[in-house]
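A.B. asks: Here you go, one structure.
The values are calculated or read from the model by the stated rules, or taken from the named source; none is laboratory data. Bear in mind that the values here come from a model prediction, so they are computed numbers and not experimental data. Heads up, the Cβs are rebuilt from the backbone with ideal geometry, glycines too, and the neighbour counts pull from every protein chain shown. SASA here: full protein model, heavy atoms, side chains in, ligands and nucleic acids out. Shrake-Rupley method; radii C 1.70, N 1.55, O 1.52, S 1.80 Å.
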Amino acid sequence: MEGFTINIEKKQFQNDLVNWFHEEKRDLPWRRTADPYQIWISEIMLQQTRVDTVIPYYKRFVERFPTLRDLANADEEILLKQWEGLGYYSRARNLQAGVKEVAEKYGGKVPDSRKEISALKGVGPYTAGAVLSIAYGLPEHAVDGNVMRVLSRILLIDEDIAKPKTRKVFEEAVTELISHEDPSAFNQGLMELGALICTPTSPKCLLCPVREHCAAFHEGRQNELPVKTKAKAGKAVDYAMVAIRSGESLLMEKRPSKGLLANMWQFPMAELPASTETAEVEELLSEQFKGTVENAEKITSFKHVFSHLTWNVDGFIAEGKDLQIPENMKWVNAAEMELLPIAGPVQKMKTALKSRGDV
DNA sequence: GATACGTGGGC
DNA sequence: TGCCCAAGTAT
């Protein structure tokens, strides 16, 4: 019971796909290097992230950390600042942990076996196969969303690709189909096809180099596949975010080292019902910092949607005096603030402060 | 296996 | 506007 049947001419399919890839592939920065370390970086950045978004980040990143040891030795705050805006920040910290392990355990050479590379932080089944095939030319499966979409159509696989166990079906299919002459072009070809031709909606079948091999195309069912159940909606939480000023400095807080936006910086926040009065905000913060927080003023109100939840934020500015601040907070001037890694909601708050000339 | 984990673009 | 998405992994 495999969930699929190979009814295509394997050799011809491989040739059509690989030849098309070599002819039509986009000129992307990570396709100009053979360095496993840099290819690894690109694969981590590309997880759940669009190519056009990744390009400038990748360029800056490899310029800042050209070698594996540069990244292994990098300060985490600088690393996160480089990653700022890319999202899924644990990727950056896991990547550095993986890089450190390679530096220490493998003499700086990225391992070339699935067992070893998969043991590295942040390297799952997809990334392992991608690095092994692209950097080392090994015939290993690399199944991402593109591959599942493309093969669900070609092989008429109607299992729900939202379910984790379904990925195994596609891994078996790729293992069966992959070109041993050019595993890199085969894997990248499937993904490139998914990105350029075999798109989620309105696939460009008439331009497809492998349409003759595609069961869905033959049956006119390309728009029915892949089958993918939708995720349930996330919850919403209300917060007050407060820029507390003292002279030329603002109070910033480092988030915990686990969970949402781990180790990123923010203005102090409290979970409060929307439209909480400024007087209540002053009172709450004065008590929290055992000092005086006064002249609070609401300066903005916004919604920030994460993948699994929504923050409804009221942003305040206030003045603080004689505050006792905890270990994870510090006063920063404008120049120092520019060095701290901050995520989307704090970015929005900062924009509101800037428009008033407060930063 | 279900849920946590970001962001910006496209329709 | 709101929903779906885009080269997934950790727990």
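A.B. asks: Counting DSSP beta bridges in chain A, what percent are antiparallel, to the nearest 5? Please report the intermediate quantities before stating the final value.
C.D. replies: Details: 22 of 34 bridges.
About 65 percent, rounded to the nearest 5.
A.B. asks: What's the carbon and sulfur percent of segment A:261-359's accessible surface, probe 1.4 angstrom, rounded to a whole number? Present the calculation step by step, with values, prior to reporting the outcome.
C.D. replies: On the way: 2360 of 4980 Å².
Percent of accessible area from carbon and sulfur atoms in segment A:261-359: 47.
A.B. asks: In addition: Search the structure for amide H atoms under 5 Å from the amide H of A:T300, placed 1.01 Å from N in the peptide plane, and list their residues when 5 or more places away or on another chain.
C.D. replies: A:G315
A.B. asks: Now, a different point. Taking the Cα centre as origin and putting +1 on Lys and Arg beta-carbons and -1 on Asp and Glu beta-carbons, what dipole magnitude results for segment A:1-129, to the nearest 20 debye? Intermediate results must be reported in sequence, preceding the final value.
C.D. replies: Numbers: 20 positive and 19 negative charges, 29 e Å.
In total the dipole reaches around 140 debye.
A.B. asks: Provide the FRET efficiency to the nearest 0.05 for the A:E248-A:E294 pair, computing r from the beta carbons and using R0 = 22 Å. Don't skip to the end; give the middle numbers.
C.D. replies: Working: r = 18 Å, r/R0 = 0.81.
That gives a FRET efficiency of 0.80.
A.B. asks: Using a Gaussian network for chain A with springs between C-alpha atoms less than 10 Å apart, which of these wobbles most: A:S246, A:S257, A:S90?
C.D. replies: Checking each option, the largest mean-square fluctuation is seen for A:S257.
A.B. asks: Keeping all protein chains in place, calculate the accessible area per residue for chain A (probe 1.4 angstrom), answer in Å².
C.D. replies: Working: 17890 Å² over 359 residues.
Counting only protein heavy atoms, the per-residue value for chain A is 50 Å².
A.B. asks: Now, a different point. Using Cα springs under 10 Å in a Gaussian network model of chain A, which residue among A:E43, A:E104, A:E171 shows the largest mean-square fluctuation?
C.D. replies: Result: A:E104 has the largest fluctuation of those listed.
A.B. asks: Now a separate question. Under 13 Å from the Cβ of A:R32, count the other residues' Cβ atoms, weight Lys and Arg +1, Asp and Glu -1, and hand me the total.
C.D. replies: Numbers: positive: A:K25, A:R26, A:R31, A:K59; negative: A:D27, A:D35.
For residues surrounding A:R32, the net value is +2.
A.B. asks: Give the long-range amide H neighbours of A:T310: residues separated by 5 or more places, or on another chain, with amide H under 5 Å away, using H modelled in the peptide plane at 1.01 Å from N.
C.D. replies: Those lying under 5 Å, H to H, from A:T310 are A:K235, A:A236, A:V237.
A.B. asks: Given a 1.4 angstrom probe, I'd like the percentage of the accessible area of segment A:10-224 that is carbon and sulfur, rounded to a whole number. Each step should come with its number before you reach the end.
C.D. replies: Numbers: 4760 of 9850 Å².
Looking at segment A:10-224 in its full context, I get 48 percent from C and S.
A.B. asks: Moving to a separate point now. Could you give the nm distance between label points at A:E212 and A:N15, where each point is 7 Å from its Cα heading toward the beta carbon?
C.D. replies: Between A:E212 and A:N15, the simple spin-label model gives 1.0 nm.
A.B. asks: Given a Förster distance of 41 Å, report the FRET efficiency between A:T278 and A:K105 from their Cβ-Cβ distance, rounded to the nearest 0.05. Write down the numbers at each step before the final one.
C.D. replies: Working: r = 55 Å, r/R0 = 1.33.
Efficiency for this residue pair is about 0.15.
A.B. asks: Considering the Cα trace of segment A:235-356, what is its radius of gyration and what is Dmax, both in angstroms?
C.D. replies: Cα-based Rg and Dmax for segment A:235-356 come out at 13.5, 39 Å.
A.B. asks: Mind jotting down a quarter of the surface of the convex hull over the alpha carbons of chain A, in square nanometres, one decimal?
C.D. replies: Values: hull surface 82.1 nm².
Mean projected area of the Cα convex hull: 20.5 nm².
A.B. asks: Using amide H atoms built 1.01 Å from N in the peptide plane, name the residues 5+ places from A:T199, or on other chains, whose amide H lies under 5 Å from its own.
C.D. replies: Those qualifying (amide H under 5 Å, at least 5 residues apart or on another chain) are A:K204.
A.B. asks: Anyone know which of A:F61, A:F217, A:F289 comes out most mobile in the 10 Å Cα GNM of chain A?
C.D. replies: Largest GNM mean-square fluctuation: A:F289.
A.B. asks: What is the Cα centroid distance between segment A:238-253 and segment A:9-33, reported in whole angstrom?
C.D. replies: 52
A.B. asks: With just the Cα atoms defining each centre, how far is segment A:92-118 from segment A:165-227? Give it in Å.
C.D. replies: With segment A:92-118 and segment A:165-227 each reduced to a Cα centre, they are spaced 31 Å.
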